[in-house]
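A short worksheet on the structure shown next.
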Amino acid sequence: MTENDEIVVAVRVRQGLLAQGIAALLALSVPVLLVLYWLTIPTGAWVWVAIGQALIFAAVVVAIVRYRRVCVMVTPTHLIERRFFIGTTRVPFESIGRVVLLEMHRTMASQSRLQMFVLDKAGLPLLRMRGEYWSRNGINRIASHLTMAPIEHIDHPVTLDELQSTRPEMLYWFERRPSRMP
């Protein structure tokens, strides 16, 4: 971001997911580390286990810091996404063609989640906010500030299969199925 950018609204990714991830990591790593220490302390090789544990701990700290930085912001001229891996994406409002809000679920049995797709004038995705990571309130707060483009509300819940067959260009590459693309 530049010093001239004034943030109008900013939303952060769900923090509960971070706690779930840390709990899962602890549930998997603590028993393994205990066994490794139990097996290596008598032989003196426990130092290598401690070094491995320190490296894993450092990687987890870096991941936590990066996760806590993830956010979507609206300034008077841009939509900004600070990502976990790739860095920051700045989308000027002039390049936004439309915004699509829909309820999507993976299968008919799963609970639907709100999704927001910000598309360019050609219909290609510029930004996507998935309900798995962003709160419904956060998605709606960002959408309410994107008034420079038409907002399309899909009234009925959509399955991933339906989206793959009707609008595959809106999905991430790993969600598309080449056999279903037109």
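Some observations on this one:
- Members of segment 51-80 that are in contact (Cβ under 8 Å) with a residue 12 or more places away in the chain and of a type in the set (A, V, I, L, M): I56, V60, I64, V70, V72, M73, V74, L79, I80
- None of S144, S165 is surrounded by fewer than 17 Cβ atoms within 10 Å (Cβ to Cβ), touching a helix residue (DSSP H, G or I) at 6+ places or on another chain (Cβ under 7 Å) and not hydrophobic (A, V, I, L, M, F, W, C) except S165.
- Any pair with Cβ under 9 angstrom, 6 or more apart, that starts in segment 121-142 at a residue that is at positive phi and touching a residue at least 24 places away in the same chain (Cβ under 8 Å) and ends at one that is surrounded by fewer than 18 Cβ atoms within 10 Å (Cβ to Cβ) and part of a loop (DSSP other than H, G, I, E, B): G123/R167
- Residue match in segment 17-27 (condition: more than 30 Å from P150 (Cβ to Cβ) and of a type in the set (V, I, T)): yes
- Those strands (runs of 3 or more DSSP E) of segment 1-110 in which at least 2 residues are hydrophobic (A, V, I, L, M, F, W, C) and either touching a helix residue (DSSP H, G or I) at 6+ places or on another chain (Cβ under 7 Å) or closer than 30 Å to T166 by Cβ (or both), considering only elements entirely within it, cover 9-12, 71-74, 78-82, 96-105.
- Residue match in segment 34-47 (condition: of a type outside the set (S, T, Y) and under 28 Å from the mean Cα position of the chain (by Cα)): no
- Pick from segment 131-159, criterion in a strand (DSSP E or B) and touching a Leu at 6+ places or on another chain (Cβ under 9 Å), ranking: farthest from I7 (Cα to Cα): V158
- Filter result for R66 (within 30 Å of L114 (Cα to Cα), in contact with a Gly (Cβ under 9 Å, 6 or more places away or on another chain) and among the charged types (D, E, K, R)): no
- The number of residues in segment 80-90 being among the aliphatic types (A, V, I, L, M) and at pLDDT below 95 comes to 1.
- Residue in segment 163-177 that is in contact with a Lys or Arg (Cβ under 8 Å, 6 or more places away or on another chain) and part of a strand (DSSP E or B) present: no
- So T89, is it surrounded by 11 or more Cβ atoms within 10 Å (Cβ to Cβ), of a type in the set (S, T, Y) and under 26 Å from the mean Cα position of the chain (by Cα): yes
The values are calculated or read from the model by the stated rules, or taken from the named source; none is laboratory data. Predicted model, so just to flag it, every value in this text is computed and none were measured. Neighbour counts are summed over all protein chains in view; Cβ atoms, including those assigned to glycine, are modelled from backbone coordinates with ideal geometry.
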